[in-house]
Amino acid sequence: MRTLRTIAEVRAAVREARAAGKTVGLVPTMGAFHAGHVPLMREARANDSFVVVSLFVNPTQFGPSEDLSAYPRDEARDAALAEAEGVDVLFAPDPAEIYPDGFATTIHIDGVTAVLDGAARGAFHFDGVATVVAKLFGIVAPDAAYFGQKDAQQILVIRRLVRDLNIDVRIVACPIVREADGLAMSSRNVYLDPDARRQATALNRALDAAAAVAYAGERDAVAIVAAARAVLDDAGIAPEYLELRSADDLTPVATLETEALLAVAARVGSARLIDNHLLHGTDTRASA
Ligand code: AMP
């Protein structure tokens, strides 16, 4: 595996791989790898013969009061993990390589960005995500790009981006990876002290409780969300949002019919955590 810092080096490596008849898979990340990142690399490795993992803590998707400077960073450990997963290139640029002096373009996507994390964090967040991912697609020109369902809204934003800008890349969604007690893996879990770590399990338990009532036949969104809210209340967690929305376009759902996303964000201790479950209205099966 090679760690590359410049766009020119990545382009040359990708050109060489393509000349050898390889397909290119991209896994965009902010590093601080955990077991939730690994399936994305494995899926890319399984589908594509040349795998690029980007490691870039993208400043433009963090607000002024967010955790950009505190965000966990350990490039040496990340590189060892990526190498063990058979990654070909770790692209770890400096911010100035991505945002040189004079950089003046921001991609803003309407609709799916206006709710959930877009509303709670502010429009800058998905503007930053869409802009940096569009740049990575422009730099790597991958055949496929791999994202985690943990950031379900992010996947919808990226799907909108590639449709609207005619970017020729297949978007692959990978399931949420959880700790043994159900907490969704996140680089931000390192912020949790032991009490907060215990409290954080309520997020997935709340989503499970909602899935259970849906599984039992409940179709009313208010009742489904209430089942989740009761668990959060019990745990002393006041969510930033807890909402049932269309899994296709995040419009509000009043009655669970087809597939809906139950999404939650909450501050637990000093971490801001998100989680979600997909609920299926048609077949009374509920799953994460
Ligand atoms: P991050 O480094 O947190 O920006 O995440 C990089 C990619 O890994 C994103 O596509 C995330 O959705 C995905 N990811 C992070 N945590 C998990 C998880 N627990 N399960 C599945 N995918 C994840």
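The values are calculated or read from the model by the stated rules, or taken from the named source; none is laboratory data. Since we're looking at a predicted model, the values are computed, not measured. Note that we place each Cβ from the backbone using ideal geometry, even for glycine, and neighbour counts take in every protein chain shown. In case anyone asks, the SASA skips ligands and DNA or RNA and just uses the protein heavy atoms, side chains included. Shrake-Rupley method; radii C 1.70, N 1.55, O 1.52, S 1.80 Å.
Which of the residues belonging to segment 107-133 are hydroxyl-bearing (Ser, Thr, Tyr) and under 17 Å from residue 57 (Cα atoms)?
131
In segment 138-166, the residue that is nearest to the ligand (Cβ to nearest atom) out of those that are basic (Lys, Arg) and open to solvent by 50 Å² or more (accessible area, probe 1.4 Å) is 159. When you look at residue 102, is it touching a helix residue (DSSP H, G or I) at 6+ places or on another chain (Cβ under 6 Å), more than 14 Å from the ligand (Cβ to nearest atom), on the phi > 0 side of the Ramachandran plot and among the small types (Gly, Ala, Ser), yes or no? Here the answer is no, as residue 102 does not meet what is asked. Any residue that is open to solvent by less than 20 Å² (accessible area, probe 1.4 Å) and small (Gly, Ala, Ser) - is there at least one of those in segment 107-120? Taking every residue of segment 107-120 in turn, at least one turns out to be open to solvent by less than 20 Å² (accessible area, probe 1.4 Å) and small (Gly, Ala, Ser). Count, please, the residues in segment 5-47 that happen to be within 16 Å of the ligand (Cβ to nearest atom), part of a loop (DSSP other than H, G, I, E, B) and open to solvent by 20 Å² or more (accessible area, probe 1.4 Å). Within segment 5-47, residues that are within 16 Å of the ligand (Cβ to nearest atom), part of a loop (DSSP other than H, G, I, E, B) and open to solvent by 20 Å² or more (accessible area, probe 1.4 Å) number 4. In segment 176-196, of all residues being more than 18 Å from residue 148 (Cβ to Cβ) and in contact (Cβ under 8 Å) with a residue 24 or more places away in the chain, the one that is farthest from the ligand (Cβ to nearest atom) corresponds to 195. Listed by first and then second residue, the pairs linking a residue in segment 22-36 that is assigned by TED's automatic domain parsing to the domain that holds residue 147 to a residue that is more than 7 Å from the ligand (Cβ to nearest atom) and basic (Lys, Arg), with Cβ atoms under 8 Å apart and 6 or more places separating them unless they lie on different chains, are 24/18; 25/45; 31/73; 32/73; 33/77.
For segment 198-217, the set of residues classified as open to solvent by 60 Å² or more (accessible area, probe 1.4 Å) and within 16 Å of residue 176 (Cα to Cα) consists of 205, 208, listed by residue number.
Quick check on my filter: what residues within segment 55-103 are among the polar types (S, T, N, Q) and closer than 20 Å to residue 36 by Cβ?
58, 61
How about segment 167-196: which of its residues are open to solvent by 80 Å² or more (accessible area, probe 1.4 Å) and in a loop (DSSP other than H, G, I, E, B)? Lay out the reasoning, then the answer.
So in segment 167-196, the residues open to solvent by 80 Å² or more (accessible area, probe 1.4 Å) come out as 168, 170, 175, 180, 190, 193-195.
Result: 168, 175, 180, 193.
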